[in-house]
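A.B. asks: Have a look at this one before I ask anything.
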Protein chains: 2
Amino acid sequence: MDRIEKRDGLIKMWMREAAGLLKASFHEKLEIQEKTSRTDLVTNMDKTIELFLYEKISAAFPDERIMGEETIGHDITDLKGIVWIVDPIDGTLNFIKQQSNFAIMIGVYENGEGRLGYIYDVMHDEMFWAIKGKGAFCNGKRLKKIEDIPLAEGLVAISHRLIAADEDEARKIGKASSGLRMVGSAGLETALVASGKLVAYIAPSLAPWDIAAGKIIAEEVGLVYRQLNGQSINLLKNNAVIVATPFTYQEIMANFSVGQL
Amino acid sequence: MDRIEKRDGLIKMWMREAAGLLKASFHEKLEIQEKTSRTDLVTNMDKTIELFLYEKISAAFPDERIMGEETIGHDITDLKGIVWIVDPIDGTLNFIKQQSNFAIMIGVYENGEGRLGYIYDVMHDEMFWAIKGKGAFCNGKRLKKIEDIPLAEGLVAISHRLIAADEDEARKIGKASSGLRMVGSAGLETALVASGKLVAYIAPSLAPWDIAAGKIIAEEVGLVYRQLNGQSINLLKNNAVIVATPFTYQEIMANFSVGQL
């Protein structure tokens, strides 16, 4: 293990501590604010968890930069050196409405290359994680390299934003698959593709913190993780994203006008 | 406890035994057949579990009738006396593609009235159950009476068949809600509404075995469970179904053309 891989135990410990704070918060009144719309919400707990992880990381690694969903590191314009990318609560709507189906996510990048990725499904106590080049895991169990399943034989998750927005292409993809599924957490939907339970996940606008951890895990099991226009992911902006088996990726790129989504 | 309520422990024991058979089957090759289309599948395990439950029920209660999804009791044309309604695997596609997110379901009806309802989420080991008039539960914990949340403040599950079928009304309901979610199991989606994690679930064609258990659980926590045209459920045919908080039900009936779905 190199100096970055050695951080694995520490990161998981911090994430489990953060999960404890989230679970405890269910007994208290949640403060909820709208960000850009009535379905884009933030709670006091998103901010609390981001600050908690920021303090842990910056105390242990004071020379490294941190980018978080809520407030931290939004001035970062390059990925030189080591950059931590943190989503304190992925699936905030689920956190508020379901007290389930949300994740804490951390990605560690070195000069733009993903090294460590963590998606923690708090309520089901499932930690999905990967060390670049060493494999991906769920809790103690190694995830298998994915089977290269075609679209017609697999289930697909498509973001609510695409389906509700009357995007015919998105619906056609659903129709060409075995069935649509929607969890409402980019991290958990990516983890489902990485576990072979979905063949693709498509979302029109994911931020760096929605992407960072999942991309490392997905690529480690042999999935394609790209922009919907076919380009590589750019972690300095929002991306329209597809995570898919190679076969399903090729089918979707060839048969559907996804570049415009 | 009357003579029917006393069966509660026995039914749960049978369902847990059936769940053990399902989990064990993951180590063996599944035999999969198409029923009406490439996404309407049945496996050898659907049939095995149905037969397993049929034999348990008919040995213990030889004078009672049983209706099951696959083959049993499809000649039943009335609900006189005691009728058991059994879904051996609800969410067969999920069972095949995800090895998760499926349920075993049993409803016990007496002269057409729901008495006992069970939805067992096998892989998450969550038994949702209700005894008519005595409350609904998840494992050992009583489910609270649902909060009467309006559509705009809740998440909604809509069947893949409606979304993929270009049903604008279905999409409009999704858009008017906080967000769409799709699990792919009528039982688990009903359990989510009963747990307060969704405000509504809508499906265009549910069979008696998709409905029987969930209706008892849903009504026990104060939800509306009706046909989309506003009529009561008819357990002798397929129904277009809505399960919702009373407020959301009224909103959807008033503002969307769901009668035609």
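The values are calculated or read from the model by the stated rules, or taken from the named source; none is laboratory data. Remember, predicted model here, so these are calculated numbers, not experimental data. Glycine also receives a Cβ, built like all others from the backbone with ideal geometry; neighbour counts cover every protein chain displayed.
A.B. asks: So which residues in segment A:102-113 are buried (at least 24 other Cβ atoms within 10 Å of the Cβ) and either within 14 Å of chain B (Cβ to nearest Cβ) or assigned to a loop (DSSP other than H, G, I, E, B) (or both), if there are any at all? Show your work before the answer.
C.D. replies: Within segment A:102-113, the subset buried (at least 24 other Cβ atoms within 10 Å of the Cβ) is A:102-109.
A:Phe102, the sole residue that qualifies.
A.B. asks: Could you list, in sequence order, the residues of segment B:8-19 that are surrounded by fewer than 19 Cβ atoms within 10 Å (Cβ to Cβ) and either touching a residue at least 60 places away in the same chain (Cβ under 8 Å) or of a type in the set (Phe, Trp, Tyr) (or both)?
C.D. replies: Residues of segment B:8-19 that are surrounded by fewer than 19 Cβ atoms within 10 Å (Cβ to Cβ), as a first pass: B:8-10, B:12-13, B:16-17.
Those that are surrounded by fewer than 19 Cβ atoms within 10 Å (Cβ to Cβ) and either touching a residue at least 60 places away in the same chain (Cβ under 8 Å) or of a type in the set (Phe, Trp, Tyr) (or both): B:Asp8, B:Lys12, B:Arg16.
A.B. asks: Also, I was wondering about something else. Checking B:Pro88 against (1) in contact (Cβ under 8 Å) with a residue 60 or more places away in the chain; (2) surrounded by fewer than 23 Cβ atoms within 10 Å (Cβ to Cβ); (3) more than 14 Å from chain A (Cβ to nearest Cβ): exactly one of these is not met. Which one?
C.D. replies: (2)
A.B. asks: Return yes when B:Ala213 is surrounded by 24 or more Cβ atoms within 10 Å (Cβ to Cβ), among the hydrophobic types (A, V, I, L, M, F, W, C) and closer than 22 Å to B:Gly133 by Cα and no when it is not. Even if it seems obvious, please write down each step before you answer.
C.D. replies: On the way: surrounded by 24 or more Cβ atoms within 10 Å (Cβ to Cβ): yes; among the hydrophobic types (A, V, I, L, M, F, W, C): yes; closer than 22 Å to B:Gly133 by Cα: yes.
Answer is yes for this residue.
A.B. asks: So which of B:Lys97, B:Lys132 is within 14 Å of chain A (Cβ to nearest Cβ) and either touching a strand residue (DSSP E or B) at 6+ places or on another chain (Cβ under 7 Å) or surrounded by 15 or more Cβ atoms within 10 Å (Cβ to Cβ) (or both)? Steps first, answer last, please.
C.D. replies: Numbers: B:Lys132 fails: within 14 Å of chain A (Cβ to nearest Cβ).
On inspection, the qualifying residue turns out to be B:Lys97.
A.B. asks: Search segment A:20-47 for residues being β-branched (Val, Ile, Thr) and surrounded by fewer than 17 Cβ atoms within 10 Å (Cβ to Cβ), and hand back the single one that is farthest from the other protein chains (Cβ to nearest Cβ).
C.D. replies: Step one: of segment A:20-47, the residues β-branched (Val, Ile, Thr) are A:32, A:36, A:39, A:42-43.
Those left that are additionally surrounded by fewer than 17 Cβ atoms within 10 Å (Cβ to Cβ): A:32, A:36.
Details: A:Ile32: 11, A:Thr36: 14 Å.
Among those residues, the one meeting the criterion is A:Thr36.
A.B. asks: Do we have A:Asn238 as surrounded by fewer than 20 Cβ atoms within 10 Å (Cβ to Cβ) and touching a strand residue (DSSP E or B) at 6+ places or on another chain (Cβ under 6 Å) here? It would help to see each step written out before you state the result.
C.D. replies: Values: surrounded by fewer than 20 Cβ atoms within 10 Å (Cβ to Cβ): yes; touching a strand residue (DSSP E or B) at 6+ places or on another chain (Cβ under 6 Å): yes.
For A:Asn238, the condition - surrounded by fewer than 20 Cβ atoms within 10 Å (Cβ to Cβ) and touching a strand residue (DSSP E or B) at 6+ places or on another chain (Cβ under 6 Å) - is met.
A.B. asks: Let me confirm something: among B:Leu116, B:Leu79, B:Leu151, which residue is over 16 Å from the mean Cα position of the chain (by Cα) and away from chain A (no Cβ under 14 Å)?
C.D. replies: B:Leu79
A.B. asks: Count, please, the residues in segment A:216-229 that happen to be surrounded by fewer than 24 Cβ atoms within 10 Å (Cβ to Cβ) and either within 15 Å of A:Ser185 (Cβ to Cβ) or modelled with pLDDT under 95 (or both).
C.D. replies: So the answer is 2.
A.B. asks: Quick one: which of B:Glu153, B:Glu50, B:Glu69, B:Glu126 is closer than 20 Å to B:Gly187 by Cβ and surrounded by fewer than 18 Cβ atoms within 10 Å (Cβ to Cβ)?
C.D. replies: Matching residue, one of B:Glu153, B:Glu50, B:Glu69, B:Glu126: B:Glu126.
A.B. asks: What residue, of B:Lys23, B:Lys56, B:Lys47, is closer than 25 Å to B:Lys237 by Cα, in contact (Cβ under 8 Å) with a residue 12 or more places away in the chain and basic (Lys, Arg)?
C.D. replies: B:Lys47
A.B. asks: So, one more: Assess whether A:Ser177 counts as being more than 14 Å from chain B (Cβ to nearest Cβ), without any contact (Cβ under 8 Å) to a residue 60 or more places away in the chain and farther than 23 Å from A:Ala130 by Cβ.
C.D. replies: On the way: more than 14 Å from chain B (Cβ to nearest Cβ): no; without any contact (Cβ under 8 Å) to a residue 60 or more places away in the chain: yes; farther than 23 Å from A:Ala130 by Cβ: yes.
It is false that A:Ser177 is more than 14 Å from chain B (Cβ to nearest Cβ), without any contact (Cβ under 8 Å) to a residue 60 or more places away in the chain and farther than 23 Å from A:Ala130 by Cβ.
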